[in-house]
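Read the figures in this text as sums done on the coordinates, not as results from a lab. Just so we're clear, the structure is a prediction, and the values are computed from it rather than from any experiment. FYI the Cβ positions are ideal-geometry reconstructions off the backbone, even for glycines, and counts take in every protein chain you see.
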Amino acid sequence: MSQDNAWGAQQETDASYLADKSQVTEPSFDWTEPFTVDGGIIPLDDLVDATINAVVPVLRPIFQVIAEPIAWILNGIEALLLWIPAPFIIVALALLALKFSTRAIAIGSFVGLLSIGLIGAWDAAMTTLSLVITSLFFCIIIGLPMGIWLSRSDKAVSIVRPILDAMQTTPAFVYLIPIVMVFSPGKVAGVIVTIIFAVPPVIRLTNLGIRQVPADLIEAAKAFGTSPRQLLFKVQLPLALPTIMAGVNQTLMLGLSMVVIASMIAVPGLGLMVLQGIGRNDIGIATVGGLGIVILAIILDRITQHIGSKQHK
Amino acid sequence: MKTKLSVQNVYKIFGKHPKKAMSLLERGKSKDDIFSSIGQTVGVNDASFDIYEGEIFVIMGLSGSGKSTMVRMLNRLIEPTKGKIFLDDVDIAQLNDEELRQIRLHKISMVFQSFALMPHLSVRDNVAFGLDLAGEVSETERIERANAALDRVGLLANGDSLPKELSGGMQQRVGLARALCINPDVLLMDEAFSALDPLIRTEMQDELLRLQAEDKRTIVFISHDLDEAVRIGDRIAIMQDGDVVQVGTPDEIINQPANDYVRSFFRGVDVSTILTAKDVARRKQQTLIKKTSDTGLSTSLQLLKDNDRDFGYVVDASNHYIGVVSIDSLKQAQSKQQSLEHALLKQPHAIDADTPLGDLISDVAQAPCSPAVINDQGKFLGIISKTILLEALDRQTGDPL
Ligand SMILES: Nc1ncnc2c1ncn2[C@@H]1O[C@H](COP(=O)(O)OP(=O)(O)O)[C@@H](O)[C@H]1O
Ligand SMILES: [Mg+2]
């Protein structure tokens, strides 16, 4: 009620102000505080609102097409992870860790996953994992070709780099709303938000890795008759692989760090447990969710870190 | 001799305005002028030379003289700005990408100073790299041929190693095997042994000569080291600041250097290993006795006395060397009523034409007279006196400039 009054009061003064002609000739513009005009001198927020409102209905069908494969893969992975009995997943991940990294990490991941189950966060963790894996999948699908393209053109780098910077520095809340508007709240929107936030490292490090391949190796490969495609697949990508894997690792970590934020647009999983815990002031459930995220993060980090470094041992 | 590669008026300008630089060059502007006025570097300036089939052709010059640029234009790792480069009858400079790729896959391969082995591939896969790219042979044949190439450089046992597990010398053997594995007509070697320490380097030169004796490939070898150039080169081209200033056999380069730049390479060079007996043997200043059926002791004695010599060198009608006689030995034989053969001295033995100077110093020093030099058919080429030998050896310490 008090808010309505405030608005009403303002409109009244506005009207009287318009009626009073003597005051129009003498606007109360104070140059020492020039930016206090209500709504800003340039009404950017109105402009954005108007644009979004105009554009969203037009673009929505297009975005639905994008959402389709994402939803398909996401649901598939989630169903699979929830269908496989938990013990299998625990053992499989531990074996994966054993193959790609050290025995200690394998044991750690076994114990970690076991504790996720024991604290009752298993299903939520699998939902989160499927979300993260789907995001990672699309990040690689998008990021690898982008990185390759950037490695071949300095001009492309000068155009794309500021965009990547913006993607990483803009707070997720800023694009959360428009994304929800076009994709409607839910897991798909969560994946999209995660991709935007997490894809830059793959792009950057693929570009970097390819550019770092020593020039004499490129020259030697050309001297022996590589086609451009052979040069890429037989020399540049294999030699850039450790760097690319570092990018994949970072992308994975950024993806996990988005889990809580994504839960604000109705994405289920560990993030939602944390969010609900905060909302209901239930420190217990927030801790369970938080611990699940941390354990998952450590396991995925260690495994992917070692995949990259093992290539060149 | 058949010409394998023919380089005809080839130029390379580094920079964004090669046309401008070319027109300035044609108007007789110097390279320094062109660099200071329009900032273009003339890497190679009007190079022309022929490389014969089966020879080791060394391109030598100081650092920055354009050697690497020149050799990279032969397989177009660097595009020539102007000129023709014929491999057999094909102008390499005119090939399109696919034709060029075929040449690189089958005809010209390269060995690099930095080895440039692929760190992610095993030694064997490195050697098979070219075959793999061509994709024309089965995997079994590829491995077989890679193993054969590895065997030739003595590394068959190391096929499964990674390059970084090998020493520098071994890595370059792998580089050599990789280049040989495609059985190329032409082998380009850009300072291939320069990164190796001196002992290994000599070993690799020997290895290259051994391989070359087996398959007589056309090899273009870049070096900044005269010792190496003379050791392995059949002919040498000398580059100076982008120009090819001289092309010739090692002998020609050493004995008739085109200019002071070429001469400057001899400084610090060990002449005793480069020059051989035939390089310093003198024909004049000695007395030759032609042995015919009626050449007797008295005519020989008279000849020596007339020329005021103590020793005489006996050859047959077709100049085959027979031996050396002295006034004393002739007189002795005369008193015993013997023939010319009996007057021949036991010492000194004739010296083989290809003996390096370093190996004949003691022979010459200890001999009672100057030894004769003969070629592989036993023909007399001249003699080496102590004075001549000292003069020749002195060239390395003298000041050629
Ligand atoms: N890519 C390049 N851009 C500009 N200048 C170059 C380039 N490559 C070589 N040069 C110049 O060309 C000249 C010859 O270089 P190079 O062929 O490498 O000499 P070398 O192998 O005899 O040491 C040098 O002056 C060098 O600075
Ligand atoms: Mg060089």
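For this structure, a couple of remarks:
- Debye intensity ratio I(q)/I(0), log10, the range A:59-312, q values 0.08, 0.16 Å⁻¹ (C-alpha model): -0.35, -1.22
- Legend: calculated FRET efficiency, B:D32 to B:S6, from the Cβ-Cβ distance at R0 = 22 Å, rounded to 0.05, equals 0.15.
- Cross-link pairs beyond the 26 Å C-alpha cut-off, checked among B:K20/B:K107; A:K99/A:K234; B:K29/B:K84; A:K99/A:K187; B:K29/B:K67: B:K20/B:K107; A:K99/A:K187
- With only the Cα atoms considered, the range B:197-311 has a convex hull volume of 196 Å³ per residue.
- Farthest towards the positive end of the charge dipole of the protein assembly as shown, among the residues A:N207, B:T273, B:S385, is the Cα of B:S385, using unit charges on the Cβ of Lys, Arg, Asp and Glu.
- Stokes-Einstein, applied to the Kirkwood radius of the protein assembly as shown over Cα pairs at a viscosity of 0.890 mPa s and 25 °C, places its translational diffusion at 73 µm² s⁻¹.
- Rounded to 10°, Cα long-axis angle of helix B:139-152 versus longest principal axis of chain B: 30 degrees
- Candidates per trypsin sites (Lys or Arg not before Pro) in the range B:12-75, loop by DSSP, up to 13 other Cβ within 10 Å: B:K16, B:R27
- Relative contact order (%) - criterion: Cα under 8 Å, at least six apart; region: chain B: 15 percent
- Of the DSSP H helices in chain A, those whose Cα atoms cover at least 18 Å axially and whose Kyte score averages 1.6 or more: A:86-100, A:103-118
- Entry note, chain B: the mean residue ellipticity at 222 nm calculated from DSSP H runs of n ≥ 4, each adding -39500 (n - 2.57), is -11000 deg cm²/dmol after division by the residues and rounding to the nearest 500.
- Among A:W149, A:W122, sorting on how many other beta-carbon atoms sit within 10 Å of each Cβ, with the fewest leading, yields A:W149, A:W122.
- Considering only the range B:3-273, percent of DSSP beta bridges that pair antiparallel, nearest 5: 50 percent
- Degrees, to the nearest 10: B:357-366 long Cα axis against longest axis of chain B: 10 degrees
- DSSP beta bridges confined to the protein assembly as shown are antiparallel in about 55 percent of cases.
- Selection of GluC sites (Glu not before Pro), the range B:104-180, meeting DSSP coil and at most 15 other Cβ within 10 Å: B:E136
- Tilt relative to chain B, helix B:168-181 - C-alpha long axis, 0 to 90 degrees, to 10: 80 degrees
- In angstrom, the C-alpha Rg and Dmax of the range B:278-394 are 14.1, 46.
- Fully extended contour minus Cα-Cα distance, from A:I52 to A:A104, at 0.36 nm per residue: 13.6 nm
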